[in-house]
Amino acid sequence: EAGVTQFPSHSVIEKGQTVTLRCDPISGHDNLYWYRRVMGKEIKFLLHFVKESKQDESGMPNNRFLAERTGGTYSTLKVQPAELEDSGVYFCASSQDRGLQLTTTDTQYFGPGTRLTVL
Amino acid sequence: AQKVTQAQTEISVVEKEDVTLDCVYETRDTTYYLFWYKQPPSGELVFLIRRNSFDEQNEISGRYSWNFQKSTSSFNFTITASQVVDSAVYFCALIRRSQGNLIFGKGTKLSVKP
């Protein structure tokens, strides 16, 4: 079974440019999450999709970030226009279901991340 | 407030030594889940273990063991007879039942020298 994949692995852009990151979750996983790690800080939650719907986008830093998950499959995260402070590693994760039982398999499986550098 | 603290920023040991990585968490929720992830030099986050708040039984998996103590809000991770391949950044994380996102600690960088 293929794991979570992310593209590109690295991206170097100039301030003001646009970048789009892509995440393909594990097949059959309804939940898709985006996280970000800025250098030296914790990995921070950005948003959560359940299928194609945004369940929680409380972690999105500002309106320069736009996430989509058309058809409930892969997701894209667009940064427009990029700023210096957007540099970091962007992780995507997926999980099978939230459920309401204590035994639900909520484990999130992560992709390799996209390292974004804004110059 | 929900928080995960990994007080050890970096640890360096010599191969075959035992090492314990500390994790202390804060949450007001009674139902929550705790995780450990490993980030090797290649960069991906690898899932290691998941525990729920009602299961304080310690777990052992090969050279890895985890000690969950609700009384001290700790979920510590011990590697026995460490190996060079254990060198990585290890993250402890928390999910509350009421919200699905992971709350991470800052990570502990473990270096195992031959």
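In peptide A:31-41, how many Cβ atoms from other protein chains are near each Cβ within 10 Å, on average? Mind dumping the intermediate values first?
Details: counts 1, 0, 3, 1, 4, 0, 6, 0, 0, 1, 3.
If you average over the peptide's residues, the count of other-chain Cβ atoms is 2.
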Solvent-accessible area per residue for chain A (1.4 angstrom probe, square angstrom): 51
Exposure of B:VAL85 as accessible area (Å², to 10), given a probe of 1.4 Å and all protein chains: 100
Inter-probe distance in nm under a simple model that places probes 7 Å from Cα toward Cβ, at A:GLU14 and B:THR78: 5.6
Loop-located trypsin sites (Lys or Arg not before Pro) in the range A:1-109 whose Cβ has at most 13 other Cβ within 10 Å (DSSP): A:LYS15, A:LYS41, A:LYS51
Summed buried accessible surface, chains A and B, 1.4 Å probe, nearest 100 Å²: 1900
B:ILE11 long-range amide H proximity, modeled H, under 5 Å: B:LYS109, B:LEU110, B:SER111
Choice from A:SER75, A:SER27, A:SER58 showing the highest fluctuation, given a GNM over chain A with Cα pairs closer than 10 Å: A:SER58
Highest-fluctuation residue, A:LEU21, A:LEU66, A:LEU77 considered, GNM on chain A with Cα pairs under 10 Å: A:LEU66
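How large a share of the accessible area of the protein assembly as shown, in percent, is made up of carbon and sulfur atoms when the probe is 1.4 Å and the other protein chains stay in place? Working shown, then result.
Numbers: 5580 of 11430 Å².
It is 49 percent, rounded to a whole number.
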Average accessible surface area per residue within chain B, 1.4 Å rolling probe, Å²: 47
Where a label projected 7 Å from the Cα of B:GLU10 along Cα→Cβ would reach, residues of the range B:20-46 with amide N under 19 Å: B:20-22, B:39-43
Largest-first ordering by accessible area, 1.4 Å probe, given options B:PHE104, A:PHE7: A:PHE7, B:PHE104
GNM flexibility winner over chain A from A:GLY88, A:GLY72, A:GLY16 (Cα, springs under 10 Å): A:GLY16
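Add +1 for every Lys or Arg and -1 for every Asp or Glu among the other residues with Cβ under 10 Å from the Cβ of B:VAL84, and state the total.
Values: positive: B:LYS113; negative: B:GLU15, B:ASP86.
That sum, taken over residues with Cβ under 10 Å, equals -1.
Mind putting a number on the dipole of the protein assembly as shown about its Cα centre? Charges go on the C-beta only, +1 for Lys and Arg and -1 for Asp and Glu, and I need it in Debye to the nearest 20. Provide the component values of the computation, followed by the final result.
Numbers: 26 positive and 26 negative charges, 65 e Å.
Using only the charged Cβ atoms, the result is roughly 320 debye.
With r defined as the distance between the Cβ atoms of B:THR31 and A:ARG64 and R0 fixed at 35 Å, what FRET efficiency is calculated, to the nearest 0.05? Please list the in-between numbers first.
On the way: r = 35 Å, r/R0 = 1.01.
Approximately 0.50, to the nearest 0.05.
The values are calculated or read from the model by the stated rules, or taken from the named source; none is laboratory data. As the structure is a computational prediction, the values presented were derived from the model and not from experiment. Note that we place each Cβ from the backbone using ideal geometry, even for glycine, and neighbour counts take in every protein chain shown. These accessible areas exclude ligands, DNA and RNA; they are computed on the full protein's heavy atoms, side chains included. Shrake-Rupley method; radii C 1.70, N 1.55, O 1.52, S 1.80 Å.
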